[in-house]
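Heads up: the structure comes next, in structure tokens.
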Amino acid sequence: MNKPRCQKIASRIHTLLVAEIGQGIDTERLLDDALYARDVLLVCDALPGTEGAQLAAGYRNAMLEKPINAPAPRRAGGGISGFISSIFGPISTLDPPSGPPPKQRPWFGRGAAK
């Protein structure tokens, strides 16, 4: 169901029915209750000389459409690390190192900070 399109059409159906028969509809129920939607659309089909039949057909088509998905979120690991990961796979797939951790060497030379 293309929910945004169905909501827009449901709002137009509500306005049409208030103008034509003096009774509106519950637009949220129209989206969630198939039997209620069927009844409302049949009433729209039965209104001669109005756009009711067109709105009913449009609503039925919108119900058959695929849902609109939000765009996929971007991955946080961009830049060179994202490029490397795309080539070699994520780091989490590598085997963890075994044995004791390597000794840390100071940044400035060999003899500093022993």
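Go through the residues of region 62-77 one by one and say whether even a single one is out of contact with any strand residue (DSSP E or B) (no Cβ under 6 Å at 6 or more places or on another chain), more than 30 Å from Arg5 (Cα to Cα), modelled with pLDDT under 75 and of a type in the set (Gly, Ala, Ser).
yes
For region 28-41, check the following and say yes or no: at least one residue is open to solvent by 40 Å² or more (accessible area, probe 1.4 Å), touching a helix residue (DSSP H, G or I) at 6+ places or on another chain (Cβ under 7 Å) and more than 20 Å from Lys3 (Cβ to Cβ).
The answer is no; no qualifying residue exists.
Where residues in region 2-23 are under 15 Å from Leu41 (Cβ atoms) and open to solvent by less than 70 Å² (accessible area, probe 1.4 Å), which of them is nearest to the chain's Cα centre (by Cα)?
Among them, the one singled out is Cys6.
The values are calculated or read from the model by the stated rules, or taken from the named source; none is laboratory data. What you see is a predicted model; the values in this text were computed from it and never measured. When we count neighbours, we look across all protein chains shown, and the Cβ atoms used for this are built from the backbone with ideal geometry, even at glycine. Only protein heavy atoms, including side chains, enter the accessible area calculation; ligands, DNA and RNA are left aside. Shrake-Rupley method; radii C 1.70, N 1.55, O 1.52, S 1.80 Å.
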